[in-house]
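All of the numbers you see were taken from the coordinates with simple rules; none came from a lab. None of the values given here were measured: they were computed from a predicted structure. Every residue, glycine among them, receives a Cβ derived from its backbone with ideal geometry; neighbour counts consider all protein chains shown.
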Amino acid sequence: MYVDLHCHSYYSDGAQTPEYLVSAALERGLTHLALTDHDCLCGVEHLWNATPRAALQADKEGWRQLNLIAGVEISCDWNGLEIHVVGLLKELRTPTLDALLREQQNHRRQRAEAIAGKLDAVGTIGVRDYLAALPATALTRSHIADFLVASGTCKNKQKAFKSYLGRRGKAYVAATWPSLDRAVSAIQSTGGIAVLAHPSRYPLTRSKLSRLISDFHAAGGEAMEVSYANLDPTSKKRLLELANEHALYHSCGSDFHTLESGWTALGKYPRLEPSATKNAIWEHPRWHSIVTSGRTVFAPPIEESEA
């Protein structure tokens with residue numbers, strides 16, 4: 001089994017189409033792919049509409065098969081810190097999840113407008129038109145950073161965050177995210193699995209990270225990412241230990257966003273050792289129902305001349 005359970009399309013802050021992600025996953029030999037755009041399901045719905053359930057019954061002997069899992073990445077608040085929770089969903093939509101995602105998207109638009117107002121005030125005009133031309137449903141500060149680079153205001157995205165979008169920046173606007181408990185509950189409403197995303201990337205001491213994981217588990221979280229792009233072996237070992245301490249299943253994914261990031265690619269992350277796979281997320285009792293509620297796409301076998 002070769003899975004990538006965390007990636008993004010251009011419906012949030014990724015740069016590629018959902019079709020590209022499927023094509024790349026098939027080329028790389030993935031068996032399972034979860035599209036987990038920030039706070040929206042548009043990319044998943046796009047793929048669902050393009051891949052009817054009838055495909056599951058097709059006679060595709062010898063063809064490559066990719067299981068598409070419905071996913072989402074929800075931004076939430078834990079003790080004043082922005083935390084991300086990936087949801088691997090059984091049902092694509094429920095009233096509870098829909099209500100939360102509508103609020104998230106409204107908040108993102110309002111935040112973007114507030115940032116645009118601050119940029120106007122310092123003479124940086126044009127971000128509204130730039131954002132309106134994007135396919136994104138979930139607007140992020142990363143999109144605005146792209147505008148600041150494209151307009152020549154900043155030389156790179158790091159400078160854009162430092163000078164404009166970070167806490168000390170000229171156009172900083174604080175976010176207001178739902179609680180960790182509410183994010184987990186929304187995922188649970190679909191029959192899905194809540195996964196704590198990239199735990200080592202939060203600015204937390206070891207003791208505070210352990211407290212976050214404990215609170216996540218208490219809220220109903222059932223898994224955490226223990227392997228993802230650019231993760232060093234020492235951090236990976238520590239995450240495996242923490243996951244086991246808190247009885248969480250092990251998940252993994254690239255967190256792929258764009259081809260321009262050389263440190264990541266779809267399906268690129270440190271593999272789980274055999275000793276860790278006994279607690280892998282695909283051993284979760286609801287994994288099979290989540291996979292079978294999704295969609296399957298097929299591609300012809302790779303000819304020797306193509307290999």
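Run the numbers for Arg167 and Lys208: contour at 0.36 nm per residue of separation, minus the present Cα-Cα distance, in nm.
Stretched fully, the Arg167-Lys208 segment lengthens by 12.6 nm.
Looking only at the chain, where both bridge partners belong to it, what percent of the DSSP beta bridges are antiparallel (to the nearest 5)?
DSSP beta bridges in the chain are roughly 50 percent antiparallel.
Could you compute the net charge surrounding Ser12? Neighbours are other residues with a C-beta less than 11 Å from the C-beta of Ser12; K and R count +1, D and E count -1.
-3
In Å, what Kirkwood hydrodynamic radius results for the stretch 69-116 from the alpha-carbon pair distances?
Averaging 1/r across every pair of different Cα atoms and inverting gives 12.1 Å.
Cα-based Rg of the stretch 29-176 per 2.2 N^0.38 Å, rounded to two decimals?
That ratio works out to 1.28.
Over the chain, with a Gaussian network built from C-alpha contacts below 10 Å, which listed residue (Val44, Val149, Val122) shows the highest mean-square fluctuation?
Result for the chain, Cα springs under 10 Å: Val122 fluctuates most.
With the Cα gyration tensor of the stretch 101-165 giving a ≥ b ≥ c as the square roots of its eigenvalues, does the rule (a/c under 1.5 for rounded; else a/b larger than b/c for prolate; else oblate) give rounded, prolate or oblate?
prolate
What is the P(r) of the stretch 200-307, as percent of Cα-Cα pairs per 5 Å bin from 0?
Computed distribution, short to long bins: 2, 10, 17, 18, 19, 16, 9, 4, 2, 2, 0.
Pairs of Cα atoms under 8 Å, at least six residues apart: use those to get the relative contact order of the chain, whole percent.
25 percent
Under 17 Å from a label point 7 Å along Cα→Cβ of Arg102: give me every residue in the stretch 135-159 with its amide N that close.
So the set is 138.
Straight-line reach from Lys237: which lysines have a Cα under 24 Å away, not including same-chain ones fewer than 8 places off?
By straight Cα distance, Lys237 reaches Lys208, Lys268, Lys278.
In debye, nearest 20: dipole of the stretch 101-165 around its Cα centre with unit charges on the Cβ of K, R (+) and D, E (-)?
Approximately 240 debye in magnitude.
Can you tally the net charge around Thr190? Count Lys and Arg as +1, Asp and Glu as -1, for every other residue whose Cβ sits under 15 Å from the Cβ of Thr190.
Here the charged neighbours net out to -2.
Treat the chain as a sphere of radius equal to its Kirkwood radius over Cα pairs and apply Stokes-Einstein at 10 °C in a medium of 1.306 mPa s; give the translational diffusion coefficient in µm²/s, rounded to a whole number.
79 µm²/s
Give me the net charge of Ala25's neighbourhood, meaning all other residues with Cβ under 15 Å from the Cβ of Ala25; Lys, Arg count +1, Asp, Glu -1.
0
For the pair Glu91 and Asn79, how long in nm is the line joining their label points, each one 7 Å along Cα→Cβ?
In this crude label model, Glu91 to Asn79 measures out at 3.4 nm.
Go through the stretch 83-183 and name the GluC sites (Glu not before Pro) that are in a DSSP coil and have 14 or fewer other Cβ atoms within 10 Å of their Cβ.
Qualifying residues, ordered by number: Glu91.
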